[in-house]
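Asks: The structure follows.
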């Protein structure tokens, strides 16, 4: 057999070949291959090993905690470095130890195996074959995503239920108030989660000191007799509302007098006020983290769809593979499916 999984892996990582392309080439090779016996495929064919790799990955992805386990595994600098090493070849623990020493890390072989390599194997990023380790195709593709964002290890807690990641995902859609986030992420430690994300400079809180916003009513100003200053104040109130301070700056009227004219406009039913709570939004770094999580979601979706071809289970079952999402029920921590049903 001429096909080698190493070549497929290198194509996927170095030449940025998509998973569909890799599997397409593997399928073409299988169609043109005529082994003497079925046992030849099992013992010698590396494409068969790739398919088996996908089957095993599917089994891991069925676990409801798979996404949290995967993210917690990746939030470790040394594991990310080892994953990158294993994406470029096969290494024994001894050779891994030597490789790490060259970049200034001195760990025992037991520590390397138990603390760094085994967690990668448990989530399907690496595998062992004859006392040598190498990255799986899934590991290579994920390494491709994370190698330029290895600071994820210091920004997010390494052992968590991934509430921080769920918050980032929620805010990637749009800024939200504390109450809105609380309805999406039912945890008693939400304040601590938000504070942790703020300290990591991943999210920011609206620093507007005034909660009171003024809005125009639907009443037409022509129905009331307005002074020139009242007209100026009314005209400069935008449709989405404004604070008294912003209106004062815009109209060049003192803040004390601005409040005075706003009271008059309210008395004439032309303006109403509403308390607007502070909102949380992603920073530039937070947006980068959100984009990384989104790319990981797409990669997991791609691998879930690919696994449907190599498992005996129907596509409807494959569609139930979990993905990181904001849970609807705090106790069960339900996870959204990766692939939407075609029904």
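The values are calculated or read from the model by the stated rules, or taken from the named source; none is laboratory data. Everything numeric here is computed off the predicted structure, so don't read it as measured data. Cβ atoms come from the backbone with ideal geometry, glycine included; neighbour counts cover every protein chain shown.
Asks: What about residue 289, is it in contact with a helix residue (DSSP H, G or I) (Cβ under 7 Å, 6 or more places away or on another chain), at pLDDT below 90 and under 30 Å from residue 70 (Cβ atoms)?
Replies: It is true that residue 289 is in contact with a helix residue (DSSP H, G or I) (Cβ under 7 Å, 6 or more places away or on another chain), at pLDDT below 90 and under 30 Å from residue 70 (Cβ atoms).
Asks: Does the stretch 242-272 hold any residues that are buried (at least 17 other Cβ atoms within 10 Å of the Cβ) and either part of a strand (DSSP E or B) or in contact (Cβ under 8 Å) with a residue 60 or more places away in the chain (or both), and which are they?
Replies: Passing the criteria: 242, 271.
Asks: Conditions: (1) touching a strand residue (DSSP E or B) at 6+ places or on another chain (Cβ under 9 Å); (2) in a helix (DSSP H, G or I). Residue 237 meets all but one. Number of the miss?
Replies: In the conditions (1) touching a strand residue (DSSP E or B) at 6+ places or on another chain (Cβ under 9 Å); (2) in a helix (DSSP H, G or I), residue 237 misses (2) alone.
Asks: From 337, 237, 253, grab the single residue that is within 30 Å of residue 203 (Cα to Cα) and modelled with pLDDT of 90 or more.
Replies: On inspection, the qualifying residue turns out to be 237.
Asks: When the stretch 113-129 is examined, which residues are found to be touching a helix residue (DSSP H, G or I) at 6+ places or on another chain (Cβ under 7 Å), outside any strand (DSSP E or B) and more than 13 Å from residue 59 (Cβ to Cβ)?
Replies: 113, 116, 117, 119, 120, 125
Asks: What's the number of the condition residue 188 fails, among (1) under 18 Å from residue 91 (Cβ atoms); (2) not in a helix (DSSP H, G or I)?
Replies: Checking residue 188 against (1) under 18 Å from residue 91 (Cβ atoms); (2) not in a helix (DSSP H, G or I), the one that fails is (1).
Asks: Sticking with this structure for a sec: Is it the case that residue 236 is closer than 26 Å to residue 282 by Cα and within 43 Å of the chain's Cα centre (by Cα)?
Replies: Judged against the criteria, residue 236 is not a match.
Asks: Can you work out which of the residues in the stretch 189-231 that are modelled with pLDDT of 90 or more and closer than 12 Å to residue 262 by Cβ is surrounded by the most Cβ atoms within 10 Å (Cβ to Cβ)?
Replies: Looking at the filtered set, the residue picked out is 214.
Asks: Let me ask something additional. Can you tell me which residue in the stretch 55-87 is farthest from the chain's Cα centre (by Cα), limited to those that are assigned to a loop (DSSP other than H, G, I, E, B) and closer than 19 Å to residue 117 by Cβ?
Replies: 87
Asks: Since residue 109 meets every condition but one in (1) surrounded by fewer than 19 Cβ atoms within 10 Å (Cβ to Cβ); (2) at pLDDT 85 or above; (3) out of contact with any helix residue (DSSP H, G or I) (no Cβ under 8 Å at 6 or more places or on another chain), which condition does it not meet?
Replies: It fails just one condition, (3).
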